[in-house]
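Data block below; observations after.
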Amino acid sequence: MTTKPTYLGLLNAISNGETQAAGYFTAWLKLTNDPDVRSVVRIVANREAEHGLAFEKRILELGYTLIERVFPDAAEKLAYLSDPSRSDLDRLLFLGYGETREDPFGGLFDDHSIDPQTGALLGRYVAEERDTIRRLRALTALLRSRPQQSGDPGRVAAE
């Protein structure tokens with residue numbers, strides 16, 4: 001491409017965000033003993049890592065380099081999610097999966113200059129992210145439905 005793509009900043013932000021999120025979920029995965037939680041969190045951690053790499057790769061293919069940025073709340077999120085005293089449900093609620101949110105992907109394709117290869121990558125990303133949201137909300141509902149287990153922070157249910 002001869003001119004800098006208008007969507008380069010979007011690709012950069014997604015790559016950084018997904019890479020950081022992979023770190024959060026990987027830290028959580030190391031702490032939980034719950035097989036239901038491990039199953040979902042493993043999928044999510046792998047997806048986030050793959051998304052980070054795929055968007056960095058696309059940036060490179062376009063002839064640019066990823067600008068690494070750490071989000072302002074990254075340290076707080078990592079500290080919370082890697083705290084062994086937190087329950088799995090606490091982690092889900094901290095991340096907002098106990099509440100309904102608007103779809104954050106609605107305007108992603110408003111830029112009509114997005115090339116087909118980048119559009120395909122964004123489409124797959126959106127589909128997988130929406131599935132991740134569904135899985136984490138379902139996990140939240142499952143953990144909320146369980147009776148409270150004393151002494152096992154990985155299985156504590158909401159009051």
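The values are calculated or read from the model by the stated rules, or taken from the named source; none is laboratory data. If you're wondering where the values come from, they're calculated on a predicted model, not measured in any experiment. Every residue, glycine among them, receives a Cβ derived from its backbone with ideal geometry; neighbour counts consider all protein chains shown.
A few notes on this one:
- Residue in the stretch 36-46 that is farther than 24 Å from G123 by Cα, in a helix (DSSP H, G or I) and among the charged types (D, E, K, R) present: yes
- Filtering the stretch 40-61 to residues that are farther than 21 Å from Y97 by Cβ and surrounded by fewer than 16 Cβ atoms within 10 Å (Cβ to Cβ) leaves L53, K57, L60, E61.
- Among the candidates Y7, Y24, residue that is aromatic (F, W, Y) and under 11 Å from the mean Cα position of the chain (by Cα): Y24
- Of all residues in the stretch 31-45, those that are more than 12 Å from the chain's Cα centre (by Cα) and either aromatic (F, W, Y) or under 16 Å from R86 (Cβ atoms) (or both) total 6.
- Under the condition of being in a helix (DSSP H, G or I) and either charged (D, E, K, R) or more than 29 Å from L108 (Cα to Cα) (or both), the residues counted in the stretch 1-26 number 1.
- Restricting attention to the stretch 54-87, the residues that are hydrophobic (A, V, I, L, M, F, W, C), farther than 15 Å from F25 by Cα and in contact (Cβ under 8 Å) with a residue 12 or more places away in the chain total 8.
- Residues of the stretch 1-39 classified as surrounded by 21 or more Cβ atoms within 10 Å (Cβ to Cβ) and among the hydrophobic types (A, V, I, L, M, F, W, C), total: 6
Per-residue answers, yes or no, for (1) in contact with a Gly (Cβ under 8 Å, 6 or more places away or on another chain); (2) closer than 21 Å to P35 by Cβ; (3) among the acidic types (D, E); (4) modelled with pLDDT under 95:
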position: S87; (1), (2), (3), (4): yes, yes, no, no
position: L95; (1), (2), (3), (4): no, yes, no, no
position: E99; (1), (2), (3), (4): no, no, yes, yes
position: G107; (1), (2), (3), (4): no, no, no, yes
position: D110; (1), (2), (3), (4): no, no, yes, yes
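- Hits in the stretch 121-148 - residues which are more than 13 Å from L108 (Cβ to Cβ) and not charged (D, E, K, R): T132, I133, L136, A138, L139, T140, A141, L142, L143, S145, P147, Q148
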